[in-house]
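Below is one structure; the comments refer to it alone.
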Amino acid sequence: MDYNLLAERLFPHITKTPEEILAQYPKRQLPEGAKVTRMGPSPTGFMHLGNLYGALVDERLAHQSGGVFYLRIEDTDKKREVEGGVQVIIDAFSSFGLPFDEGATLEGDKGDYGPYRQSQRAEIYQTFVKDLMKKGLAYPCFATEEELAQMRAKQEERKENYGYYGEYAVWRDRPMEDIEKELQKGTPYVVRFRSEGNIEHKIKHDDLIKGKMEVTENDQDVVILKSDGIPTYHFAHVVDDHLMGTTVVVRGEEWLATLPVHLQLFRAMGWKPPKYAHTAQLMKIDEVTGTKRKLSKRKDPELALTFYKQQGYPTQSVLEYLMTLLNSNYEEWRRANPEKPMNDFPFSTKKMSVSGALFGIDKLKDVSKNVISRMTAKEVYDEIAAWSRENDPDFYTLFTRDPDYTQAILAIGRGGKKPRKDLALWSDAKPYMDFMFDERFTPDYTMPEHVSNEDARSILTEFDGMFSMEDTPESFFEKMKQIAQNHGYATEMKAYKQNPEQYRGNVGDVSMVVRIAIAGRQNAPDMQLVMQILGEQRVHERIQQCKDALA
Ligand code: GLU
């Protein structure tokens, strides 16, 4: 067989040589040890948590080492592509503030290693396929869907491995006449790689996450170019990551199964493969069965990245939570360094989970409470304003009516060693603080069980004559104690616990009565501060309103 002839017959339009293409992608000039990573999402219109999880690994590896993190759009599968899919990808990453240094942008390519959309690289892939063909390492295969199905049925019957290999690789060594005949007929064909692999052989692989392992050599003649002249993932991965200078490929563990194909292709091309980091699946505990399972697009809304924005999760919380899933020592580091930016943490693939990382919304909320508690009142104000403007316009109007007033509420319990942790989501702001807006004040005056309405009114009457805008936390508490004493309530918890029958209740009940009157509920931030923000007039009004309701 004259392979040169075959290559020219199939790729007459390819006139460049591999060398010419390689010359367009010079080695990157980067400091020693700098890593080059990339995200290669497909524009399916759906971005999921796994994409972000992987992207964070890519981003940290690159930027921690002074390297490059780029975006490549893997749009080789036209069937899965949706209109606007690229925009969805770019928006998702930019909303999480993961900065790409180069790659596809909405305004076109940025960087010297493009084009960064695989659909624009057909000529490049075909140049390398043509070259493989000339070397006898690739050939056209005209097998129809039907023939492939028959092959599979036969393999099933014989209990043999599935696939296109050995005697089943019927187009592997076909004479030129047969090929010519099909070409004349216009039969569609794919191009396959000629595998010299043997499944008896094992290859050593040292994965950055999974560690050392042995994988079975590939003996299949895999498709490298589809009938539309567009490469498969396998071939595009090898060509692009080589040309674009990727040093670490971070991708889902579902790709481990075809890693032998990729290693084989790198070898055939005479290129050094990148390092690989295969990330474990994100898992969750199923709410119904209580067992661990993969996150599913159909069942779990939290798999979609859009979920977090809609619900009002701070992007930083999602990133920090993913970091706690990524590196087992992150939480400890965060506790020791509450003020430092997350990116100061020394991220390492060695600390990554080899099996599945367990994702849980409750844990995310905990992390988020911590993240928000470390922000300033102004930052929190701006974020809630931005979120509610889009998602809750009525609340937005109230919230932004008097920014100083709103920020004073948000400042309660902020700063200091033990900041309050009331908010996990921006949408929590409304239930947390709506009692501070008269329009939204819908009190529930149910008093603690053992405090009669009569007692409550009497406590409130006394308090009304006593409280002052000048109160400090200490003087305020002294007043609570005094009222307790005057009403036969214990002023000390200890005394109350020792002889509960001697008292009508304790000072905590007195505070609770005041809190219910002012906030209209049992849970509310520090009353003394709340009252200062509400102002004297409104405090009197609220006390009166409560007394009237209890009468
Ligand atoms: N396009 C592939 C995917 O969406 C990318 C895998 C990779 O990063 O290599 O799964």
Handout entry: Tabulated pairs, the stretch 491-503, first on the phi < 0 side of the Ramachandran plot and β-branched (Val, Ile, Thr), second surrounded by 11 or more Cβ atoms within 10 Å (Cβ to Cβ) and at pLDDT 90 or above, C-beta under 6 angstrom, 6+ apart or interchain
Key = Thr491/Lys481; Thr491/Ala484; Thr491/Gln485; Thr491/Val507
Exercise for the section: Pairs only if they're at least six apart or on different chains, beta carbon under 6 angstrom, first in the stretch 138-162 and under 30 Å from Asn4 (Cα atoms), second at pLDDT below 95 and surrounded by 10 or more Cβ atoms within 10 Å (Cβ to Cβ); list them, first residue then second. Expected result: none
Practice task
Determine the pairs where a residue that is closer than 18 Å to Tyr313 by Cα, located within the stretch 388-400, has a partner that is among the aromatic types (Phe, Trp, Tyr) and in a helix (DSSP H, G or I) with Cβ atoms under 6 Å apart, the partner being 6 or more residues away or on another chain.
Solution key: Ser388/Phe395; Ser388/Tyr396; Ser388/Phe399; Arg389/Tyr396
Exercise for the section: Please find, among Thr37, Thr76, the residue that is within 29 Å of Gly360 (Cβ to Cβ), within 16 Å of the ligand (Cβ to nearest atom) and not hydrophobic (A, V, I, L, M, F, W, C). Expected result: Thr37
Handout entry: Of the criteria (1) out of contact with any Pro (no Cβ under 8 Å at 6 or more places or on another chain); (2) within 15 Å of the ligand (Cβ to nearest atom); (3) at pLDDT 95 or above, which one Phe266 fails
Key = (1)
Fill in the blank from the handout: Among Leu61, Leu30, Leu22, Leu56, the single one that is over 21 Å from the mean Cα position of the chain (by Cα), touching a residue at least 40 places away in the same chain (Cβ under 8 Å) and more than 11 Å from the ligand (Cβ to nearest atom) is Leu22
Handout entry: Residue in the stretch 158-171 that is polar (S, T, N, Q) and within 16 Å of the ligand (Cβ to nearest atom) present
Key = no
Practice task
Can you tell me which residue within the stretch 51-90, out of those that are small (Gly, Ala, Ser), buried (at least 20 other Cβ atoms within 10 Å of the Cβ) and touching a Phe, Trp or Tyr at 6+ places or on another chain (Cβ under 9 Å), is nearest to Leu326 (Cα to Cα)?
Solution key: Ala55
Problem - Test: residue in the stretch 425-436 that is more than 29 Å from Lys369 (Cα to Cα) and free of Cβ contacts under 8 Å to residues at least 12 places away in the same chain - result: no
Exercise for the section: With respect to Ala304, determine if the residue is over 30 Å from Leu22 (Cα atoms) and touching a Ser or Thr at 6+ places or on another chain (Cβ under 6 Å). Expected result: no
Problem - Selection status of Gly197, free of Cβ contacts under 8 Å to residues at least 24 places away in the same chain, over 30 Å from Lys350 (Cβ atoms) and over 28 Å from the mean Cα position of the chain (by Cα) - result: no
Problem - Residues located in the stretch 478-494, provided they are part of a helix (DSSP H, G or I) and either among the polar types (S, T, N, Q) or surrounded by fewer than 14 Cβ atoms within 10 Å (Cβ to Cβ) (or both) - result: Glu478, Gln482, Gln485, Asn486, Met493, Lys494
Completion exercise
By residue number, the members of the stretch 493-551 that are in contact with an Asp or Glu (Cβ under 8 Å, 6 or more places away or on another chain), within 12 Å of Phe435 (Cβ to Cβ) and among the polar types (S, T, N, Q) are none
Problem - Output for the stretch 221-259, where each listed residue is closer than 21 Å to Gly197 by Cβ and either within 9 Å of the ligand (Cβ to nearest atom) or touching a Gly at 6+ places or on another chain (Cβ under 7 Å) (or both) - result: Tyr233, Ala236, His237, Asp241, Val249, Glu254, Trp255
Exercise for the section: Would you list the helices (runs of 4 or more DSSP H) that sit entirely within the stretch 253-351 and hold 1 or more residues that are closer than 30 Å to Ala138 by Cα, among the polar types (S, T, N, Q) and in contact (Cβ under 8 Å) with a residue 60 or more places away in the chain? Expected result: 259-269
Exercise for the section: Report yes if His48 is within 11 Å of the ligand (Cβ to nearest atom) and either buried (at least 16 other Cβ atoms within 10 Å of the Cβ) or under 20 Å from Leu282 (Cβ atoms) (or both), otherwise no. Expected result: yes
Fill in the blank from the handout: Within the stretch 502-528, the count of residues that are basic (Lys, Arg), at pLDDT 95 or above and part of a loop (DSSP other than H, G, I, E, B) comes to 1
Problem - strands (runs of 3 or more DSSP E) completely within the stretch 160-216 that count 1 or more residues being in contact with a helix residue (DSSP H, G or I) (Cβ under 7 Å, 6 or more places away or on another chain) and over 20 Å from Leu10 (Cα atoms) - result: 202-207, 211-216
Handout entry: Residue satisfying condition, being within 29 Å of His237 (Cα to Cα), crowded, with 18+ Cβ neighbours inside 10 Å and away from the ligand (no atom under 16 Å from the Cβ), within set Leu322, Leu303, Leu282
Key = Leu322
Exercise for the section: Consider Arg267 carefully, then state whether it is over 14 Å from the mean Cα position of the chain (by Cα) and within 20 Å of Met47 (Cα to Cα). Expected result: no
Completion exercise
Within the stretch 326-348, residues out of contact with any helix residue (DSSP H, G or I) (no Cβ under 7 Å at 6 or more places or on another chain) and either surrounded by 14 or more Cβ atoms within 10 Å (Cβ to Cβ) or within 22 Å of Glu254 (Cβ to Cβ) (or both) come out as Trp333, Arg334, Ser348
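The values are calculated or read from the model by the stated rules, or taken from the named source; none is laboratory data. All figures in this text were calculated on a predicted structure; none of them were measured in a lab. When we count neighbours, we look across all protein chains shown, and the Cβ atoms used for this are built from the backbone with ideal geometry, even at glycine.
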